[in-house]
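The values are calculated or read from the model by the stated rules, or taken from the named source; none is laboratory data. From a predicted model like this one, the values you see are computed outputs, not experimental measurements. For neighbour counting, all protein chains shown are included, and Cβ atoms are generated from backbone atoms with ideal geometry for every residue, glycine included.
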Amino acid sequence: MADERQKTGFTLEIAVFVCGAVVMIYEIIGSRIVAPFIGTSTYVWTSLIGVILAALSLGYWLGGRIADRRPDVKVLSSAIFAAGGLISVTVLVKDVALAFVADAAIGLEIKSVIAAVVLFSPASVALGFVTPYAVKLKLSSIDESGSTVGRLYALSTVGSIVGTFAAGFVLIPFVGSVRTLYFLAAVLFVLSIVLAGVSLTRSRIAFFTIFVIGVSGSEIGMYHAAQTNSLHDIDTEYSRVRVFQTKEPESGRVIEAMAIDPFFIQSAVYLDSDELVFDYNKYYHLVRYLKPDFQRALMIGGAGYTFPREYLRTYPTATIDVVEIDPQMTEIARKYFRLRDDPRLNIVHADGRTFLNSAPDAAYDAVLMDAFGSLFTVPYQLTTLEAVRQIHRVLKPDGIVIFNLGGSISGPASQFLQAELATYRQIFPDVQLYKVNPDRSDTQLQNLIITACKSQCPAPNTTDPQIAELLSHQFAVQIQPDSPHLTDDLAPVEYYNSFAHNNYHR
């Protein structure tokens, strides 16, 4: 009897450890599941963390309450099996539920909360049930209650730590987000059986059936997408990337495209040509007008490396350093976007701000940034006054900056643009704005280009027809008197872009 009790106690400790790990993996994977539909902004992370903590709290309360009434290892086994089944439900309904939430005419903050509640709270309640229930089963006397409770909660926390590192370092980059959900559900099913043996109740059969249907449907869907659209769904250390083939709406030409958010394509190449697909990329050619004698440029943000390839073709004596935070993004560019090694191209895998902080003074003729191409993943640390000072420092005395951002020129969705212009005008004496598509109204969400010169920018006078066309899109915008400067301490770019997101959705 003592041996059986010891064996049960050991399996309870394993259960607490494993469920602690599953909670954290589930939470981290959650951000990748929702990313293709509502992005990965702070709103998404805040909602996931808050909702899952609330669900765990409810689970703790239920676990303790039911344990006092019916302390039976079979009940705990059923709760763990239910957790696996509810994760299977996440697999089965995630695309339909998230598509519905993404299309709702509500703010991004509310969408994030609803998505977290619908997809991730049910299983989290079941996982929260485990530790307090295991404590009740493990207690042999009131004299040992403190050490028992402490040991089990410590095991749960250690499991959460292991799960956090496993998710970030192993499962996301090497297994993938969706298949990790399969793995979590399967582990919980096995753990349930280890605790109390096989029990073919109706609920367990139903949950296992949902698991099989969810896995099969997901795999068939991914295979079909890969066959019909050459879709590749890739989890990197930093983002969930979708690479696919589609047709350009205006010309009907086939492009290879890359997207890391629900609504916008970040990079694209024509299958039959090396010409630039997106008009905003052409504005980086203003470098030859703003700094005619340039020889060395820095580009922050590689993605598909479309402009760096154009730069190397167009300017055969110039060199370019490209800072891309995600090494897998570079590999994707090599595989799908025709990136090739070139002695004039130096690729650095680092955060753009970190690179700027350590770059030498007056090292570059131009800084080109393509890091603000998504409303959902703007790296705020590159938008601030402190970052702009670093950009100013690494430029030569007559150096220039060119970068793109999404927003509107007037109305609520212009707040990010207004703040960024105000920030740059604190450091650079000459800052100019260009509308990529001059036909768009000022209140519409659109691609915008900002240029800044360390000395005075040249007057708009050129015989180069391409440059003349770009210069004709210059737009005189007035900065609102109350526009704040973005700083490392306060840079609410996601709040500003929530207005742009709502504008786009309308």
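The condition of being crowded, with 18+ Cβ neighbours inside 10 Å, hydrophobic (A, V, I, L, M, F, W, C) and modelled with pLDDT under 95 holds for only one of Ala97, Ala83, Ala55, that being Ala97.
For region 62-79, does any single residue satisfy the condition of being under 30 Å from Val378 (Cα atoms), aliphatic (A, V, I, L, M) and part of a helix (DSSP H, G or I)? There is no residue in region 62-79 that is under 30 Å from Val378 (Cα atoms), aliphatic (A, V, I, L, M) and part of a helix (DSSP H, G or I).
Applying the set (1) buried (at least 23 other Cβ atoms within 10 Å of the Cβ); (2) free of Cβ contacts under 8 Å to residues at least 12 places away in the same chain; (3) not charged (D, E, K, R) to Ile38 leaves exactly one unmet item: (2). Among the residues of region 138-152, those that are without any contact (Cβ under 8 Å) to a residue 24 or more places away in the chain and surrounded by 12 or more Cβ atoms within 10 Å (Cβ to Cβ) comprise Leu139, Glu144, Ser145, Thr148, Val149.
Please work out which residue is surrounded by the fewest Cβ atoms within 10 Å (Cβ to Cβ), limiting yourself to region 317-336 and to residues that are within 23 Å of Leu356 (Cα to Cα) and among the hydroxyl-bearing types (Ser, Thr, Tyr). This residue is Thr319.
Residues in region 227-241 that are more than 19 Å from Val44 (Cα to Cα), of a type outside the set (A, V, I, L, M) and assigned to a strand (DSSP E or B): how many? Result for region 227-241: 2.
Among the residues making up region 292-346, those that are aliphatic (A, V, I, L, M) and assigned to a helix (DSSP H, G or I) are Leu312, Met329, Ile332, Ala333. Residues in region 61-81 that are under 18 Å from Thr11 (Cα atoms) and among the charged types (D, E, K, R): 2 in all.
Conditions (1) touching a His at 6+ places or on another chain (Cβ under 6 Å); (2) surrounded by fewer than 19 Cβ atoms within 10 Å (Cβ to Cβ); (3) outside the structural domain of Asp361 (by TED's automatic domain parsing); (4) at pLDDT 95 or above, marked per residue:
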residue	(1), (2), (3), (4)
Ala371	no, no, no, no
Thr377	no, no, no, no
Ser410	no, yes, no, no
Asp430	no, yes, no, no
Pro438	yes, yes, no, no
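Could you tell me whether any residue of region 197-204 is exposed (fewer than 14 other Cβ atoms within 10 Å of the Cβ) and either part of a helix (DSSP H, G or I) or not assigned by TED's automatic domain parsing to the domain that holds Gly30 (or both)? Yes, region 197-204 contains at least one residue that is exposed (fewer than 14 other Cβ atoms within 10 Å of the Cβ) and either part of a helix (DSSP H, G or I) or not assigned by TED's automatic domain parsing to the domain that holds Gly30 (or both).
Output the number of residues of region 241-267 satisfying the condition of being at pLDDT below 85, among the charged types (D, E, K, R) and surrounded by 13 or more Cβ atoms within 10 Å (Cβ to Cβ). So the count comes out to 1. Based on this model, can you work out whether Ala452 counts as crowded, with 23+ Cβ neighbours inside 10 Å and either under 24 Å from the mean Cα position of the chain (by Cα) or at pLDDT 90 or above (or both)? Considered against the rule, which asks whether it is crowded, with 23+ Cβ neighbours inside 10 Å and either under 24 Å from the mean Cα position of the chain (by Cα) or at pLDDT 90 or above (or both), Ala452 comes out as yes. For region 294-306, the condition holds for no residue, the condition being that it is in the same structural domain as Gln456 (by TED's automatic domain parsing), in contact with a Cys (Cβ under 9 Å, 6 or more places away or on another chain) and more than 28 Å from Val44 (Cβ to Cβ).
When Leu345, Leu286, Leu339 are checked against the criterion of being in the same structural domain as Asn461 (by TED's automatic domain parsing), surrounded by 20 or more Cβ atoms within 10 Å (Cβ to Cβ) and at pLDDT 95 or above, a single residue qualifies: Leu286. Just one residue in the set Asp464, Asp442 is acidic (Asp, Glu) and either under 27 Å from the mean Cα position of the chain (by Cα) or surrounded by 13 or more Cβ atoms within 10 Å (Cβ to Cβ) (or both); that residue is Asp442.
The residues of region 421-442 that are of a type outside the set (Lys, Arg) and farther than 19 Å from Asn281 by Cβ, listed by number, are Leu421, Ala422, Thr423, Tyr424, Gln426, Ile427, Phe428, Pro429, Asp430, Val431, Ser441, Asp442.
One line per residue, one yes/no per condition, for (1) farther than 15 Å from Ile172 by Cβ; (2) modelled with pLDDT of 85 or more; (3) out of contact with any strand residue (DSSP E or B) (no Cβ under 8 Å at 6 or more places or on another chain):
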site: Glu4; (1), (2), (3): yes, no, yes
site: Ile14; (1), (2), (3): yes, yes, yes
site: Ile28; (1), (2), (3): no, yes, yes
site: Ile38; (1), (2), (3): yes, no, yes
site: Ser47; (1), (2), (3): yes, yes, yes
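Taking helices (runs of 4 or more DSSP H) as the structural unit, those lying wholly within region 395-506 and holding at least 2 residues that are among the hydroxyl-bearing types (Ser, Thr, Tyr) correspond to 415-425, 493-505. Inside region 462-492, residues that are under 20 Å from Arg389 (Cα atoms) and not β-branched (Val, Ile, Thr) make up a count of 9.
Could you tell me whether region 133-155 includes any residue that is assigned to a helix (DSSP H, G or I), at pLDDT 95 or above and among the small types (Gly, Ala, Ser)? For region 133-155, residues assigned to a helix (DSSP H, G or I), at pLDDT 95 or above and among the small types (Gly, Ala, Ser): absent. Do the conditions hold for Leu276, that is, is it under 28 Å from Arg240 (Cβ atoms), touching a Lys or Arg at 6+ places or on another chain (Cβ under 7 Å) and surrounded by fewer than 23 Cβ atoms within 10 Å (Cβ to Cβ)? Yes, satisfied.
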